[in-house]
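Read the structure below first, then the notes.
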Amino acid sequence: MTKKQASLLILLVFLFVLCLGAGIYFFLNPKNSPINVLKTDKYQELVEWCDTNTQENILGINCNALLLELRVIDANNSCADIQVITKGKELKNISLCGDGNVITYSNDVLDYKKLMPIDIQLSYARDDLLGEYKLGSVSVVKMSESYIQNVVNEDIANLTTINKADTTIQNSVDFCPSPEQFPEYISENNIETYTRFYNGNILSEAEYVDLYTKEFDNIFLENWTDPAIKLLFGCESATKLGYKSVCKLIPQKEYSNLELSSIPSFVSKWETVTNSASDTISLKNISLVVDGMLYIPSHINYSSPWIIDDLFKFISDANNNQNVYCSSFKIYEELAKLNNTIAVSQIEQIRTLVSNNISTSSSICMETLDKTLYSREGIYLKSIHSLNPSELNMYIKCKNLYQLTTNE
């Protein structure tokens, strides 16, 4: 080998080592680390679910979440059971645990309602060049109002783009809040667009009467062959709109002593997010039974107390999902106005089951929750990020927005 060749070889080896060292530095430097090489000693899934930032040897993770429960383990340790709102707009369960030196809570979080919207800030330190990030602290604070306000404005903008023809439920928009009920933070453009959407889609009082005339014309058993829902809890929406000739506020006294078959507290398809044809049929008939109790004009087939018991027997045999189970709440709610003791006890049973399964409860089931115990903002955010049956999408979005913007 000549002297020139040897010098060239040494130069190539030097450049290779230099490039290798630079590559290793770039790969290991936290400033340049892609998410998939950020390794943590705890809560690794949060790296994927939440926003991350690295500075020097510090990793920060910021998550938006809903607080399910704070659990005291012992005098020094506690756990926060939460549902993280991921960057992909999904809800993921996780428990963050530690002593008072690791996990801290702001005072308003300690005085929380269930489903309280919160921000989680986690701080990690990298202990050596090749090591993972070690958890240093977890801070749990109340979610900023600006985050929720931005979500509401985005939700309203999306709602006004939904085509009403996508659902058979003709009174879906009637459950939306009126533009006058909007809080001040709703943008002017959203108010203008929403007002046109709302006024152009709500039903008139005469349209309610016409629809009910057709709906109540079918006998109970015939409606079990058609899953299409034309009106869903129409007396509720008609009353909200102020239509006084359609429905009364309290059922007749003949319902007060009605003995009912209780809906089973076990729901085999609790986590099912779509409705089968059987589920939709059951929802429609629950709705017609509730409205039959309250509808003022003369009507047949849905105006007798005995039909409620028959309906519950059908539902019990049909293996329906949680949407059907929780919708039965509306029947019990009407009967409870007459101090029907079975109805009162069933309301508590439904609320208990929903509360015990809150992380997987559907938007319809969350309607049953006691707002003195659960955060309205949390219910709203959970419903926004929950999967809903397509035929109920507009109905659920309107009801969800309504419960947030009013105190009803």
message: Please give the Cα centre distance for the stretch 37-96 versus the stretch 207-240, rounded to the nearest Å.
response: 46
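Going through the stretch 337-408, which trypsin sites (Lys or Arg not before Pro) have at most 15 other Cβ atoms within 10 Å and a DSSP loop state?
Numbers: sites: Lys337, Arg351, Lys371, Arg376, Lys382, Lys397, Lys399; in loops: Lys337, Lys371.
Sites meeting the loop and neighbour criteria: Lys337, Lys371.
Within a 10 angstrom radius of the beta carbon, how do Tyr208, Tyr43 rank from fewest other beta carbons to most? It would help to have the intermediate numbers written out before the result.
Details: Tyr208 26, Tyr43 21.
The fewest-first ordering by Cβ neighbours comes to Tyr43, Tyr208.
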- prompt: Within the stretch 391-408, whose backbone N sits under 17 Å from a point 7 Å along Cα→Cβ of Ile186?
  reply: 394-408
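Contour minus end-to-end for Asp370 and Lys42, with contour as 0.36 nm per residue of separation and end-to-end as the Cα-Cα distance?
Values: separation 328, 0.36 × 328 = 118.08 nm, distance 3.47 nm.
Once the chain is fully extended between Asp370 and Lys42, it gains 114.6 nm.
Taking the stretch 104-195, which GluC sites (Glu not before Pro) meet the DSSP loop condition and have no more than 11 other C-beta atoms within 10 Å? Please report the intermediate quantities before stating the final value.
Numbers: sites: Glu132, Glu145, Glu154, Glu180, Glu184, Glu188, Glu192; in loops: Glu132, Glu184.
Answer by residue number: Glu184.
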- prompt: Can you give the Rg to Rh ratio of the stretch 191-279, both from alpha-carbon atoms, with Rh computed by the Kirkwood formula?
  reply: 1.03
- request: Using label points projected 7 Å from each Cα along Cα→Cβ, tell me how many nm separate Asn407 and Ser146, to one decimal.
  value: 2.8
- line: Looks like the stretch 300-408, by Cα gyration tensor root eigenvalues a ≥ b ≥ c and the a/c under 1.5 rounded cutoff (else prolate when a/b is bigger than b/c, oblate otherwise), is prolate
query: Along the positive direction of the dipole of the stretch 33-143 (beta-carbon charges: Lys, Arg +1; Asp, Glu -1; about the Cα centre), which of Tyr43, Gln55, Val109 reaches farthest?
result: Val109
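May I ask you to list the chymotrypsin sites (Phe, Trp or Tyr not before Pro) in the stretch 143-189 that are in a DSSP loop and have at most 11 other Cβ atoms within 10 Å of their Cβ? Could the numbers behind the result be given before it?
Values: sites: Tyr147, Phe175, Tyr185; in loops: Tyr185.
Passing both the DSSP loop test and the Cβ count: no residue.
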query: Cα axis of helix 393-405 to longest principal axis of the chain: angle in degrees, 0 to 90, nearest 10?
result: 80
statement: Label model pair Cys97, Lys113: point-to-point distance (7 angstrom along the Cα→beta-carbon line) in nm is 2.9
Cβ-placed point charges (K, R +1; D, E -1), dipole of the chain about Cα centre in debye, nearest 20: 1140
Positive-end residue of Ser187, Pro297, Ala277, charge dipole of the stretch 147-405 with Cβ unit charges: Ser187
query: Using modelled amide H (1.01 Å from N, peptide plane; none on Pro or chain starts), what sits under 5 Å from the amide H of Leu68, excluding residues fewer than 5 places away?
result: Asp81, Ile82, Gln83, Leu115
- prompt: Cα axis of helix 188-199 to longest principal axis of the chain: angle in degrees, 0 to 90, nearest 10?
  reply: 30
query: Measuring from label point to label point, each 7 Å out along Cα→Cβ, what is the Ala277 to Thr161 span in nm?
result: 3.3
- prompt: Could you state the principal axis extents of the C-alpha atoms in the stretch 33-143, from the largest down, to the nearest angstrom?
  reply: 41, 34, 18
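If you average 1/r over all unlike Cα pairs in the stretch 147-405 and invert the result, what Kirkwood radius do you get in angstrom?
Values: mean 1/r = 0.0530 Å⁻¹.
18.9 Å is the Kirkwood radius here.
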statement: In degrees, nearest 10, the alpha-carbon axis of helix 3-28 is tilted away from the dominant principal axis of the alpha carbons of the chain by 30
task: Highest first, please rank the peptides 310-322, 96-108 by the mean number of other Cβ atoms sitting within 10 Å of their residues.
output: 310-322, 96-108
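No lab work stands behind these numbers, since they all come straight from the coordinates. Owing to the predicted nature of the structure, the values given are computational and were not obtained by experimental measurement. Neighbour counts are summed over all protein chains in view; Cβ atoms, including those assigned to glycine, are modelled from backbone coordinates with ideal geometry.
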